[in-house]
Amino acid sequence: MPRFSTVLVANRGEIACRILRTARSLGYRTVAVYSEADRAAPHVQAADTAVCIGPAPAAASYLDGARILEAARRTGAGAIHPGYGFLSENADFAASCEAAGVVFVGPPATAIRTMGDKTAAKAAAAAAGVPVVPGDLGPFDTPDDLAARAEAVGFPLLVKAAAGGGGRGMRRVEAPAALAAAVAAAEREAQAAFGDGRVFLERVVEGARHVEVQILADRHGTVRHLGERDGSVQRRHQKVVEEAPSPAVDARLRRALGDAAVAVARAVGYVGAGTVEFLLAPDGAFYFLEMNTRLQVEHPVTELVYGIDLVAWQFWIAQGRRLDPTAIPTAPTGHAVEARLYAEDPRAGFVPQAGTVVACALPEGPGLRCDMGVATGSAVPPHYDPLLGKIVACGATRDEALQRLRRALAHTVLLGVRTNRTFLGSVLADETFTAGRADCTFLDDFDPPPADPADLLAAAALIFLEGPDRIPAHPWRNSGTARAFLDVAVDGAPASWCVVFEADGTATVHAGGRTRTARILRRGPRSRVEVEGVALPLFTAWKGDELFVATERFDLHVAPHRPSTHPEDAAGEADRITAPAAGRVLAVTVRPGDEVRAGAPAVTLESMKMETTLTVPCAGVVEAVFVQPHDAVAAGDVLVTLTPRGRDSEETPS
């Protein structure tokens with residue numbers, strides 16, 4: 001059996017850090033690879049040695065198998081662990097590793113190739129006697145052929161990429177009229193993400209939950225399952241919260257799901273760790289969805305309830321070790337829940353964010369685990385997936401695990417880029433989720449309860465006034481009291497604040513249309529401000545003259561207001577379309593002189609693996625288009641300018 005003493009981790013971020021941690025604990029010498037954008041990243045610092053493999057774009061670095069194999073040769077690495085994403089499910093790369101005499105810590109290339117093609121995977125599952133979701137695997141010869149076969153599948157349906165996963169290349173279609181556009185978009189996104197634009201059709205299983213089974217298989221024919229995880233809380237088909245075991249699965253159903261997962265793994269000669277995904281219908285019927293031939297993002301919840309290290313088992317299996325029946329429990333103990341922390345703005349359609357982490361502080365305590373890929377000072381580049389890390393909690397019961405996770409998120413600090421931290425807190429507090437009733441559509445209509453930031457604004461105003469080299473925007477006036485007027489930008493929106501200081505040290509703060517009395521009790525990164533008689537703990541960080549503030553329920557960014565000098569900005573937002581985040585232009589669907597309706601698609605961007613279509617803000621005429629497909633853009637770049645007819649115009653262009 002193969003033997004190796006040096007392991008190269010062909011990935012980045014939190015999963016690279018997590019794999020390196022186990023590799024070191026097993027005594028392996030470790031090698032990291034990094035792009036030019038990741039020179040100072042935590043995973044680079046965590047390895048014994050590291051090799052730069054190219055420029056920032058993933059296609060020229062983390063997706064370049066030849067460069068990674070050369071890094072393995074240069075460092076004497078006998079094994080490559082791909083993590084997840086990038087090359088983890090690339091059969092050609094796995095075969096190249098074998099040809100180069102390097103152990104690929106994953107399944108055989110044949111299994112990756114079969115399961116990487118969703119149509120072939122469904123055929124393999126069906127042949128093994130496992131039920132699959134009804135649909136049509138294509139190919140589709142003509143638009144009429146596509147339409148007829150879609151009618152046979154039935155609406156609503158999903159258009160899905162035959163290659164890849166992670167929600168990319170997937171579109172839900174409610175009616176025949178939307179089919180052609182959905183197929184075109186899915187094909188384009190699949191081609192860009194996976195180099196394969198094939199799609200197929202799948203019936204929507206209404207009210208279904210997403211339940212997946214973790215399996216381990218050794219080189220000697222033994223296949224074991226380690227129960228199920230529930231990943232039903234999804235946004236754009238990307239999981240946000242996962243837990244094990246599923247609140248919808250009992251012991252009988254667990255055995256049935258596990259047996260089906262083992263049958264699928266045996267059917268393709270699987271070796272290593274993998275995940276078989278199912279849709280679980282409300283009536284208890286389940287259907288094979290796909291198999292992920294790699295480690296999953298949510299693997300920590302299985303590790304916590306089964307008390308094992310899945311990455312260690314990946315290494316052991318790669319070196320020929322047999323699965324020991326006594327070392328792997330047959331049933332879960334307790335409950336674990338994981339929340340994914342993304343660099344994205346929930347208030348702006350979850351647009352991915354890039355920037356620099358100015359402060360990172362993670363919670364500690366019993367039953368908590370934090371797998372993070374960033375630290376204070378880390379760059380969050382626009383070139384990769386926006387996942388920053390995971391906060392995981394376990395307990396004897398589901399309620400205990402959820403309570404720990406809610407408190408852990410409340411005490412997680414990650415400032416400098418906008419994240420979904422407070423959104424996650426709202427999800428975990430929702431009654432439908434806490435009752436264990438969330439299905440795959442839960443987040444479609446989820447609207448976080450409104451929160452009142454007035455106390456935080458008052459506290460932030462006092463701290464902002466005491467910032468480095470702070471000079472009030474207007475002079476002080478002394479008449480028994482002192483007043484300061486500030487023109488600021490709060491999370492990018494202009495605001496005017498007034499602070500009136502009394503002789504006893506208290507202050508009256510007028511901010512956000514509200515008035516609060518406040519005083520600073522403690523200064524520093526962990527500040528405490530008394531607002532209306534209640535002490536409010538804050539975590540604060542400065543980046544130049546910009547203030548970042550976090551409380552349990554809010555994250556806030558305050559900066560001096562700097563009016564734009566761009567002429568395009570003078571007329572207001574209705575006159576232009578700007579890039580919400582750094583990314584790459586995939587398509588431009590308007591031209592100068594076009595008459596357009598409000599809401600019409602204009603520019604499609606890809607940012608951090610997410611495709612976003614930007615629409616026209618109001619009816620009018622396209623004045624200028626500043627980008628074309630394949631252009632790189634920065635956040636805030638003006639892409640299109642318009643001559644509006646009026647924001648509320650109902651006139652229909654000819």
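Since every read-out is calculated from the coordinates, none of them should be taken as a lab result. Owing to the predicted nature of the structure, the values given are computational and were not obtained by experimental measurement. Here the Cβ is made from the backbone with ideal geometry for all residues, glycine too, and neighbour counts use every protein chain on show.
Observations on the structure shown:
- Under the convention that each Lys and Arg Cβ holds +1 and each Asp and Glu Cβ holds -1, the size of the dipole of the range 257-348 around its Cα centre is about 320 debye.
- Between amide H atoms placed 1.01 Å from N, distances below 5 Å from Thr419 occur with Glu344, all of them 5 or more places distant or on a separate chain.
- Formal net charge of residues neighbouring Gly436 (Cβ-Cβ distance under 11 Å; K, R +1; D, E -1): -2
- Theoretical ellipticity at 222 nm over the chain - DSSP helices of four or more residues, -39500 (n - 2.57) apiece, nearest 500: -7000 deg cm²/dmol
- Per-q log10 I(q)/I(0), the chain, q = 0.07, 0.09, 0.10 Å⁻¹ (Debye; single scatterer per alpha-carbon; no solvent): -0.50, -0.83, -1.01
- Farthest toward positive dipole pole in the range 209-441 [+1 Lys/Arg, -1 Asp/Glu at C-beta], among Thr326, Cys394, Val240: Thr326
- Note on the chain: dipole from Cβ charges, positive end direction compared against Cys52, Gly307, His411; the farthest Cα belongs to Gly307.
- Bins of 10 Å from zero: percent of alpha-carbon pairs in the range 6-105: 18, 57, 25, 1
- For the chain, relative contact order (Cα pairs under 8 Å, six or more residues apart, normalised by length) works out to 9 percent.
- Whole-Hz couplings from phi, Karplus 6.51/-1.76/1.60, listed for the range 124-130; x for Gly and Pro: 5, 5, 4, 5, 7, x, 9
- Charge sum, other residues only, whose C-beta stays under 14 Å from Gly513's C-beta, Lys/Arg counted +1 and Asp/Glu -1: 0
- Rounded to the nearest 20 debye, the dipole size of the chain about its Cα centre is 2080 debye, using +1 on the Cβ of Lys and Arg and -1 on the Cβ of Asp and Glu.
- Residues Ala184 and Ala624, FRET efficiency given R0 of 30 Å [Cβ-Cβ distance, rounded to 0.05]: 0.70
- Within the range 321-374, trypsin sites (Lys or Arg not before Pro) in DSSP loop having at most 16 other beta-carbon neighbours inside 10 Å: Arg321, Arg322
- Here the contact order of the range 329-472, divided by its residue count and restricted to Cα pairs under 8 Å and six or more residues apart, works out to 26 percent.
- Each residue of the range 153-163 was assigned a 3J(HN,Hα) from its phi angle through the Karplus curve 6.51 cos²θ - 1.76 cosθ + 1.60 (θ = phi - 60°); the sequence is 5, x, 9, x, 9, 10, 8, 10, 5, 6, 10 Hz, with glycine and proline shown as x.
- Taking every C-alpha pair closer than 8 Å and separated by at least 6 residues, the mean separation divided by the residue count of the range 567-646 gives a relative contact order of 39 percent.
- Remark: C-alpha extents of the range 567-646 on the principal axes read 35, 23, 17 Å, sorted largest to smallest.
- The dipole here belongs to the range 567-646: it is taken about the Cα centre, uses +1 on the Cβ of Lys and Arg and -1 on the Cβ of Asp and Glu, and is about 200 debye.
- Distant-in-sequence amide H partners of Val199 (H built 1.01 Å from N, under 5 Å): Ala162
- The DSSP beta bridges internal to the chain are antiparallel in roughly 90% of cases.
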